[in-house]
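The values are calculated or read from the model by the stated rules, or taken from the named source; none is laboratory data. Keep in mind that this is a model prediction, so the values were computed, not measured. Glycine gets a Cβ as well: all are built from the backbone with ideal geometry, and neighbour counts include every protein chain shown.
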């Protein structure tokens, strides 16, 4: 099992948008149509993926796993100040405070960003993830705890020359 924590506010991966391709400040037109490219909608995604990749490299320096993977992601976020009392009760949780963070961002979009960041480092491709356990909880700070388990223990393709 490979386990590590990435500190910082997670970025979501989900929506993409199509934007024109520019050259010298003008859109490029070919055959009467503006050329476009598809980009991630979240400008913070690239930096978050880099943070996840660096943490993964620090925790695991082996060959990328090749078989089926179990991925457990536990996302923590701090509670809003409104969940606590005031004055001398500033550190006391209100009875009305929710037990779980059910507001955006959604867990699936948070997980997509982490899955893609681990590609080529911990496993070859995120299509290998066959078991997911995704959690979103309140905690002292923004972070994600990542746990990756190989379900068959393979780090390389079985040698077919011995068959």
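As a summary of the residue check, residue 132 satisfies the conditions (1) under 16 Å from the mean Cα position of the chain (by Cα); (2) farther than 18 Å from residue 52 by Cα except for the one numbered (2).
In summary, residue 38 fulfils each of the numbered conditions (1) in a strand (DSSP E or B); (2) under 25 Å from residue 135 (Cβ atoms); (3) without any contact (Cβ under 8 Å) to a residue 60 or more places away in the chain with the single exception of condition (2).
The residue pairs whose first member lies in the range 142-154 and is more than 26 Å from residue 51 (Cβ to Cβ), whose second member is in a strand (DSSP E or B) and modelled with pLDDT of 95 or more, and whose beta carbons are closer than 8 Å, counting only pairs six or more residues apart or on different chains, are 151/69; 151/70; 151/130; 151/131. Cβ-Cβ distances below 8 Å connect the following pairs, each with a first residue in the range 44-59 that is at negative phi and surrounded by fewer than 14 Cβ atoms within 10 Å (Cβ to Cβ), a second residue that is assigned to a helix (DSSP H, G or I) and at pLDDT 95 or above, and a separation of six or more residues or different chains: 50/117. Filtering the range 109-132 down to residues that are modelled with pLDDT of 95 or more, in contact with a strand residue (DSSP E or B) (Cβ under 8 Å, 6 or more places away or on another chain) and in a helix (DSSP H, G or I), which residue is surrounded by the fewest Cβ atoms within 10 Å (Cβ to Cβ)? Applying the filter and picking the extreme gives 128.
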